[in-house]
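Structure below; questions to follow.
The values are calculated or read from the model by the stated rules, or taken from the named source; none is laboratory data. Just so you know, these numbers come straight off a predicted model, no measurement behind them. Neighbour counts run over all protein chains shown; Cβ positions are idealised from the backbone, glycine included.
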Amino acid sequence: MNTVVPNREQVYELLTKYNKNESLIKHALAVEAVMLHFAEILGEENKEKWGVIGLVHDIDYEMFPDQHCVKAREILKENNWPEDYIHAVESHGWGLCSNVEPVERMEKVLFTVDELTGLIAATALMRPSKSILDTELKSVKKKWKQKSFAAGVNRKVIEKGAEMLGMDLDFIIEETIKGMRKVADSIGLKGDL
């Protein structure tokens with residue numbers, strides 16, 4: 001069976017076949033945008049791959065939450081995806097629901113920004129404008145310290161990811177905000193601005 005490198009349209013179709021929840025789809029779009037943004041600022045050649053991985057990373061989450069990252073392998077394999085794409089998707093759950101370690105830089109970025117997009121989105125929604133467009137690093141850092149705020153966001157994973165990447169956490173937060181701003185409308189965070 002030949003592997004197929006899916007295009008963005010096919011990936012979105014596959015994502016929405018397995019996910020109907022609007023919040024999950026918005027999260028996928030946010031992570032896709034951030035992955036594309038990081039591919040750009042890091043000078044990566046294959047930006048499309050980064051975007052596709054970001055878009056599809058939670059493909060199994062809505063239907064199989066207790067088999068997250070495990071079912072993703074099955075779904076992507078059935079659709080003849082290349083092994084390196086499947087590995088990247090599995091690795092974002094490392095230490096949580098997967099024992100597949102992020103090795104490539106792209107995988108480490110996904111591992112780091114997946115949780116972070118959730119914290120940033122929650123921070124943006126707390127602003128009077130309810131917008132990512134005026135959400136700043138200092139606001140996110142303030143909310144970061146409040147453990148009860150967006151309690152489901154695993155801050156240790158974000159810190160570990162930053163460490164694995166050898167990047168400053170503030171830089172990662174700022175660039176993640178910039179990536180999310182590019183799709184503010186489609187992720188429901190344009191707000192009143």
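Going by the conditions given, is Glu45 of a type outside the set (A, V, I, L, M, F, W, C), over 15 Å from the mean Cα position of the chain (by Cα), modelled with pLDDT under 95 and surrounded by fewer than 17 Cβ atoms within 10 Å (Cβ to Cβ)? Show your work before the answer.
Details: of a type outside the set (A, V, I, L, M, F, W, C): yes; over 15 Å from the mean Cα position of the chain (by Cα): yes; modelled with pLDDT under 95: yes; surrounded by fewer than 17 Cβ atoms within 10 Å (Cβ to Cβ): yes.
It is true that Glu45 is of a type outside the set (A, V, I, L, M, F, W, C), over 15 Å from the mean Cα position of the chain (by Cα), modelled with pLDDT under 95 and surrounded by fewer than 17 Cβ atoms within 10 Å (Cβ to Cβ).
Just checking, which of Met180, Met164 is modelled with pLDDT of 95 or more, surrounded by fewer than 20 Cβ atoms within 10 Å (Cβ to Cβ) and in contact with a helix residue (DSSP H, G or I) (Cβ under 8 Å, 6 or more places away or on another chain)?
Working: Met180 fails: surrounded by fewer than 20 Cβ atoms within 10 Å (Cβ to Cβ).
Answer to the selection: Met164.
Shifting gears a bit: For residues that are in contact with a helix residue (DSSP H, G or I) (Cβ under 6 Å, 6 or more places away or on another chain), of a type outside the set (A, V, I, L, M) and surrounded by 15 or more Cβ atoms within 10 Å (Cβ to Cβ), scanning just region 136-161, find the one that is farthest from Ser98 (Cα to Cα).
Initially, region 136-161 is screened for residues in contact with a helix residue (DSSP H, G or I) (Cβ under 6 Å, 6 or more places away or on another chain), giving 137, 139-140, 143, 149-150, 153-154, 157-158, 161.
Narrowing further to those that are of a type outside the set (A, V, I, L, M): 139, 143, 149, 154, 161.
Of the ones still in play, those that are also surrounded by 15 or more Cβ atoms within 10 Å (Cβ to Cβ) are 139, 143, 154, 161.
Values: Ser139: 31, Lys143: 28, Asn154: 15, Gly161: 15 Å.
The residue in question is Ser139.
What number of residues in region 55-75 are over 24 Å from Ala39 (Cα atoms) and outside any loop (DSSP other than H, G, I, E, B)?
The number of residues fulfilling the criteria is 7.
Looking at (1) in a helix (DSSP H, G or I); (2) within 25 Å of Glu45 (Cα to Cα), which is the one condition that is false for Ser139?
Here Ser139 clears every test but (2).
Exactly one condition in (1) in contact (Cβ under 8 Å) with a residue 40 or more places away in the chain; (2) part of a loop (DSSP other than H, G, I, E, B) is false for Ala150; which is it?
All conditions pass for Ala150, except number (1).
Pairs only if they're at least six apart or on different chains, beta carbon under 9 angstrom, first in region 1-23 and exposed (fewer than 13 other Cβ atoms within 10 Å of the Cβ), second part of a helix (DSSP H, G or I) and of a type in the set (S, T, N, Q); list them, first residue then second.
From region 1-23, the pairs are Val4/Gln10.
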